[in-house]
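The values are calculated or read from the model by the stated rules, or taken from the named source; none is laboratory data. Here the structure is a predicted model, which is why all the values come from computation and not from measurement. All Cβ positions, even for glycine, are placed from backbone atoms using ideal geometry, and neighbour counts span all protein chains on display. These area figures cover heavy atoms from the full protein model, side chains too; ligands, DNA and RNA do not enter into them. Shrake-Rupley method; radii C 1.70, N 1.55, O 1.52, S 1.80 Å.
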Amino acid sequence: MNIAIDGPAGAGKSTIAKLVAKEMGSVYVDTGAMYRAMALRMLNLGVNTEDTAAITEASKDADISIRYVDGEQRVILDGKDVSEEIRTNEVSGLASVVAAVPAVREKLVALQQKLARETAVVMDGRDIGTTVLPDAELKIYLTASQKERARRRFVQNAEKGLPEVPMDYLIGEIAERDRRDMTRSVSPLRKAEDAVLLDSSEMTIEEVVSAILKLAEAV
Ligand code: DC
């Protein structure tokens, strides 16, 4: 059984998808990490990221793969494990830019579909239910208000000991990524018609996980 979990940045997809995968004995696939790795490649190569043709060209021979170490997904870019390096703010912003480029999507969607053919997956992203796995047995669209998503990021930053970023700024960043992800012409973020909408603004992680497991049982 394959489960697709889509939704905007900061809705809790990865935390929840990981827990659901564990409970179901499936493999968790974080597709955002692949777009992040592609963005990092552009940074490393000094590609002008306002130039779609340059991104297309530089994406062609990108070697992106994933590997599992102790059950954790690791992302390998051109032979190097970049799982930590792709988590910076700079890479986050750029990932939504490169993710709008058709050639990038074609390449990464093919890789994602191959993974889902090989094993049962819980896959999270933006277009999993609509494009990558249109036949997934269960599709979830997980969202939360922009304010709540910003609040969670604020708390996470504090926990990581990162310098404090004002809430207004975080809300602005989230709104900008939502706008880019939802308005791009290829595979924009949207709820698949047959996806179940879950708004986690006022739900705990456990509540969301158990709602999804219940839905999976009923499939
Ligand atoms: O989920 P994330 O924040 O790690 O994703 C990084 C960026 O990649 C995000 O701005 C949207 C894009 N993305 C996408 O377009 N399609 C996916 N399936 C996953 C992520």
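Are any residues in region 136-148 more than 22 Å from Val122 (Cα to Cα) and either within 17 Å of the chain's Cα centre (by Cα) or not small (Gly, Ala, Ser) (or both), and if so, which ones?
Going residue by residue through region 136-148, those that are more than 22 Å from Val122 (Cα to Cα) are 145-148.
Gln146, Lys147, Glu148, listed by residue number.
Just one of the numbered conditions (1) more than 15 Å from the ligand (Cβ to nearest atom); (2) open to solvent by less than 50 Å² (accessible area, probe 1.4 Å); (3) more than 27 Å from Ile64 (Cα to Cα); (4) touching a residue at least 40 places away in the same chain (Cβ under 8 Å) is not true of Asp199: (2). Of all residues in region 191-218, those that are among the hydrophobic types (A, V, I, L, M, F, W, C) and in a strand (DSSP E or B) total 3.
Scanning region 47-60 for residues that are free of Cβ contacts under 8 Å to residues at least 24 places away in the same chain and under 10 Å from Val98 (Cβ atoms), we see that the one that is most open to solvent (accessible area, probe 1.4 Å) is Val47.
The condition (being assigned to a helix (DSSP H, G or I) and either more than 16 Å from the ligand (Cβ to nearest atom) or touching a Phe, Trp or Tyr at 6+ places or on another chain (Cβ under 7 Å) (or both)) is satisfied by just one residue among Glu57, Glu90, Glu50: Glu57.
Tell me yes or no: at least one residue of region 156-170 is under 26 Å from Val101 (Cα atoms), out of contact with any Asp or Glu (no Cβ under 7 Å at 6 or more places or on another chain) and of a type outside the set (Ser, Thr, Tyr). Can you show your working first?
Step one: filter region 156-170 for residues under 26 Å from Val101 (Cα atoms), giving 170.
From what is left, the residues that are out of contact with any Asp or Glu (no Cβ under 7 Å at 6 or more places or on another chain) are 170.
Okay, now just the ones that are also of a type outside the set (Ser, Thr, Tyr), so 170.
Checked against the condition, which is being under 26 Å from Val101 (Cα atoms), out of contact with any Asp or Glu (no Cβ under 7 Å at 6 or more places or on another chain) and of a type outside the set (Ser, Thr, Tyr), region 156-170 yields at least one hit.
Restricting attention to region 16-34, does a residue exist that is within 14 Å of the ligand (Cβ to nearest atom), among the acidic types (Asp, Glu), within 24 Å of Ile171 (Cα to Cα) and in a strand (DSSP E or B)? So far as region 16-34 goes, yes, one or more of its residues are within 14 Å of the ligand (Cβ to nearest atom), among the acidic types (Asp, Glu), within 24 Å of Ile171 (Cα to Cα) and in a strand (DSSP E or B).
Would you mention how many residues in region 103-120 are more than 14 Å from the ligand (Cβ to nearest atom) and open to solvent by 50 Å² or more (accessible area, probe 1.4 Å)? Even if it seems obvious, please write down each step before you answer.
Our first condition is that a residue be more than 14 Å from the ligand (Cβ to nearest atom); within region 103-120, this holds for 114, 117-120.
Narrowing further to those that are open to solvent by 50 Å² or more (accessible area, probe 1.4 Å): 114, 117-119.
Residues that pass the stated criteria total 4.
Looking only at region 71-87, which residues are away from the ligand (no atom under 12 Å from the Cβ) and part of a helix (DSSP H, G or I)?
Narrowing region 71-87 to residues away from the ligand (no atom under 12 Å from the Cβ): 71-72, 74, 76-82, 84-85.
Matches in region 71-87: Glu85 only.
Checking the conditions here, which among Thr49, Thr56 is more than 14 Å from the chain's Cα centre (by Cα) and either at pLDDT below 95 or under 19 Å from Lys13 (Cβ atoms) (or both)?
Values: Thr56 fails: either at pLDDT below 95 or under 19 Å from Lys13 (Cβ atoms) (or both).
Among Thr49, Thr56, only Thr49 is more than 14 Å from the chain's Cα centre (by Cα) and either at pLDDT below 95 or under 19 Å from Lys13 (Cβ atoms) (or both).
Counting the residues of region 121-147 that are more than 16 Å from the ligand (Cβ to nearest atom) and open to solvent by less than 40 Å² (accessible area, probe 1.4 Å) gives 1.
Yes/no per residue for (1) open to solvent by 60 Å² or more (accessible area, probe 1.4 Å); (2) over 25 Å from Ala144 (Cβ atoms); (3) modelled with pLDDT under 95; (4) of a type outside the set (Val, Ile, Thr):
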{"residue": "Ala4", "(1), (2), (3), (4)": "no, no, no, yes"}
{"residue": "Gly7", "(1), (2), (3), (4)": "no, no, no, yes"}
{"residue": "Met42", "(1), (2), (3), (4)": "no, yes, no, yes"}
{"residue": "Leu45", "(1), (2), (3), (4)": "yes, yes, no, yes"}
{"residue": "Ala62", "(1), (2), (3), (4)": "no, yes, no, yes"}
{"residue": "Glu72", "(1), (2), (3), (4)": "yes, no, yes, yes"}
{"residue": "Leu77", "(1), (2), (3), (4)": "no, yes, no, yes"}
{"residue": "Glu85", "(1), (2), (3), (4)": "yes, yes, no, yes"}
{"residue": "Glu90", "(1), (2), (3), (4)": "yes, no, yes, yes"}
